[in-house]
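Presented below is the structure to which this report refers.
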Amino acid sequence: MSSHPLIELYRQYLHAQHLVPLTVKMRIEHVERFLAWLDNPDIRDVTARQLQDYHDYLVMRISIYGRPVSAGHRQSQIHAITGFYAFLKQRKKIVMNPFADFPKLRKSHRLPKGVITNAQVLRWLAQPDVSTPLGYRDRTIMEVLYSTGLRGMELCNLTAYDLDMKERTVRVNQGKGHKDRIVPIGKIAIGYVTEYLANVRPILLGRGQGKSAISQLFLSNHSTPLRTAILRRILMYYRTAARLPESVTVHSLRHACATEMLKGGASVRHVQEMLGHANLTTTQIYTRVVPSDLKRVHKATAPSERRRVIDVPDFELHGWRDKKNAGLRG
């Protein structure tokens, strides 16, 4: 459907709030689906009863996967719709917000999907062939994700200048919500990154034929910046090789990092600070952890820090070309 001028105005407002483009896209789609369901000539001519009927429709609706629409998905749709009308009232495009008193849906408290054990993580990490350039790059990527709990997009956006080897920290620029933060990184991950920068990244840079992404930390096989779609393909390849459940995603390493830190004794405050979560409890809102304290807790509790000390393998510059391009997935 063609977008109504008020929807376009709302789209501009969401972008101005520094929301992730995918979030903006989904919220607009939720609003447009609701309006298409209404089939009203004037999108301002709605009632609270119609939103309740729409929710009831979503409860009965079967998804393309043959399952009922999840409670979380229903909640996100209703949230997008009520947010749109609250915006119209704020901008004085409507006299009354028909959904001002619409009851909030109860939030789901389900555990995140794709949570795996430490043993499964280690089996996953062991899959890349570190004797090939891409295999070594892939293992480095996985070690960084497991040690820092970064989101996939945050890892892809890293540059070589975002690493502080001496302080063992990573600077995340413009993370979710356009927020910057400093994240500790463990000794094993740093070891892999150091070797990757010295001996592997130059090989990947050399494949770009003058079109290299000079500052990007992680590169594709064609010397272009690593994208989230490529990252997902890489990790899912190793997921299959490690015989892990299909529910495992790139985000699973983030979940595993948080879970192992909590098991090691870290407080929820420290973990949320490290992961860059925006939604904190009331206590956590008033308890901001200073970076030095966070580094101390990370050193004592992060899974990469508590693993058995291992030697980071040197990347052998000779012989990998004879492996028939083993590991060329990115």
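The values are calculated or read from the model by the stated rules, or taken from the named source; none is laboratory data. These numbers were taken from a predicted model, which means no experiment stands behind them. Positions of Cβ are backbone-derived with ideal geometry, glycine not excepted, and every protein chain shown enters the neighbour counts.
Some values worked out for this structure:
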read-out: Flag if LEU226 is crowded, with 24+ Cβ neighbours inside 10 Å and closer than 18 Å to CYS257 by Cα; value: no
read-out: Condition check for ARG139: touching a residue at least 24 places away in the same chain (Cβ under 8 Å), among the basic types (Lys, Arg) and more than 27 Å from GLY206 (Cβ to Cβ); value: no
read-out: Every residue from segment 234-251 that is surrounded by 13 or more Cβ atoms within 10 Å (Cβ to Cβ), part of a helix (DSSP H, G or I) and of a type outside the set (Phe, Trp, Tyr); value: ILE234, LEU235, MET236, ARG239, ALA241, HIS251
read-out: Residue selected from segment 26-50 under the condition over 35 Å from the mean Cα position of the chain (by Cα) and among the β-branched types (Val, Ile, Thr), by the criterion surrounded by the fewest Cβ atoms within 10 Å (Cβ to Cβ); value: THR47
read-out: Number of the exception - LEU122 against (1) at pLDDT below 90; (2) assigned to a helix (DSSP H, G or I); value: (1)
read-out: Within segment 184-198, considering residues that are among the small types (Gly, Ala, Ser) and part of a helix (DSSP H, G or I), the one surrounded by the fewest Cβ atoms within 10 Å (Cβ to Cβ); value: ALA198
read-out: Selection count, segment 60-77, where residues are under 26 Å from VAL24 (Cβ atoms) and in a helix (DSSP H, G or I); value: 7
read-out: Only one of SER76, SER63, SER70 that is modelled with pLDDT under 85, surrounded by 12 or more Cβ atoms within 10 Å (Cβ to Cβ) and within 25 Å of the chain's Cα centre (by Cα); value: SER70
read-out: Filter result (under 31 Å from the mean Cα position of the chain (by Cα) and part of a helix (DSSP H, G or I)) within segment 79-103; value: HIS79, ALA80, ILE81, THR82, GLY83, PHE84, TYR85, ALA86, PHE87, LEU88
read-out: Search result, residues across segment 244-258 that are touching a residue at least 40 places away in the same chain (Cβ under 8 Å) and of a type outside the set (S, T, N, Q); value: LEU244, PRO245, VAL248, VAL250, HIS251, LEU253, ARG254, HIS255, ALA256, CYS257, ALA258
read-out: Residue under evaluation LEU6, criteria (1) without any contact (Cβ under 8 Å) to a residue 60 or more places away in the chain; (2) assigned to a helix (DSSP H, G or I), criterion not met; value: (1)
read-out: Answer residue from segment 25-59, given it is among the basic types (Lys, Arg) and not in a loop (DSSP other than H, G, I, E, B) and is farthest from HIS4 (Cα to Cα) among those; value: ARG49
read-out: Output for segment 79-100, where each listed residue is surrounded by 17 or more Cβ atoms within 10 Å (Cβ to Cβ) and among the hydrophobic types (A, V, I, L, M, F, W, C); value: ALA80, ILE81, PHE84, PHE87, LEU88, ILE94, PHE99
read-out: Residue check for GLN174: surrounded by fewer than 23 Cβ atoms within 10 Å (Cβ to Cβ) and at pLDDT 85 or above; value: no
read-out: All positions within segment 19-32 that are of a type outside the set (Val, Ile, Thr) and under 18 Å from GLN90 (Cβ atoms); value: LEU19, ARG27
